[in-house]
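All of the numbers you see were taken from the coordinates with simple rules; none came from a lab. Fair warning: this is a prediction, and the values are worked out from it, not measured in the lab. Glycine gets a Cβ as well: all are built from the backbone with ideal geometry, and neighbour counts include every protein chain shown.
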C-alpha cells in the first residue's frame, strides 16, 4: 500500500507541475500526457502481475476480485486527486471539473469498500456466491464503462493529445490513461476468471 500511495502522490505532483508550466512552455502538455501514460502502464502491469500471482497460488476467485476492485479504487483515487489539485487549486481553469471529481471519489470509495468486504470474508474463511457474482458483474461493468470513455474521448476530442485553449486537456489525459489502465486489468481479470471456470 505504501508503494501505491507514493506512486500516486509522486505522479500527481509531476502532473500538476507540468500542467502549471504549460502556459510558459507548451511542450509541458506532452510531458503531462507522458506522465499520465507511464503511471497508468505501471498501475496496469502491477495489477496484472498481482492477479497472475494469485492465480498461480490457487487463490479463490473472490481473492482475485478483491485485488482487482482494490486496484480500481486506487486508480479512481489517483484520478480524483489529480483533478482536485489541478483544478480545485486554480492551476488550470475548467468549470466542470468538480462533477468528474465527485464521480471519481464515489467510484474510488465504492471499489475500495467492496475490496475490503471481500478481503474480510476471505479472512473469515467465508464464501458468498452472490457477492462473488456481484464482483464479476462490477468488473464487467467497469470494463464496458472504460471502453465507452475511451471511444467517447477520441470521438469528441480529436485534438486529445494536444493542449488547447480549453483547459480540460489535462483532465482528458487522466481520463484516457486511467481508463486504459482500468480496461487492461479488468480484461485480464475476466480472462483469468473465465479460464478458471472452465
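Some observations on this one:
- Packing-based exposure ordering (other Cβ within 10 Å, fewest first) of 156, 70: 156, 70
- Using a Förster distance of 41 Å, the FRET efficiency for residue 155-residue 50 (Cβ separation, nearest 0.05): 0.80
- Acute angle (nearest 10 degrees) that the helix 97-123 long axis makes with the longest principal axis of the chain, alpha-carbon atoms: 20
- Taking only Cα atoms of the range 47-159, radius of gyration then Dmax in Å: 16.6, 51
- Ranked 188, 65, 137, criterion: other C-beta atoms within 10 Å, fewest first: 137, 188, 65
- 0 to 90° range, to nearest 10: angle between helix 61-87 axis and the chain longest Cα axis: 10
- Modelled FRET efficiency - R0 35 Å, residue 102 with residue 134, Cβ distances, 0.05 increments: 0.90
- The C-alpha atoms of the chain define a longest principal axis, and helix 169-197 lies at about 10 degrees to it.
- Cβ-Cβ distance of residue 30 and residue 190, R₀ of 25 Å, FRET efficiency by 1/(1 + (r/R0)^6): the value works out to about 0.15.
- Mean ellipticity per residue at 222 nm, deg cm²/dmol - from DSSP H runs of n ≥ 4 across the chain, formula -39500 (n - 2.57): -29000 deg cm²/dmol
- Largest GNM mean-square fluctuation across 184, 59, 29, computed for the chain with C-alpha springs under 10 Å, falls on 59.
- For the range 2-197, the Stokes-Einstein estimate of translational diffusion at 4 °C and a viscosity of 1.567 mPa s comes to 75 µm²/s, using the Kirkwood hydrodynamic radius over alpha-carbon pairs.
- With 10 Å bins from 0: P(r) over the range 95-137, alpha-carbon pairs, percent: 25, 39, 21, 12, 2
- Translational diffusion coefficient of the range 1-82 (Stokes-Einstein, Kirkwood radius from Cα pairs, 4 °C, 1.567 mPa s): 93 µm²/s.
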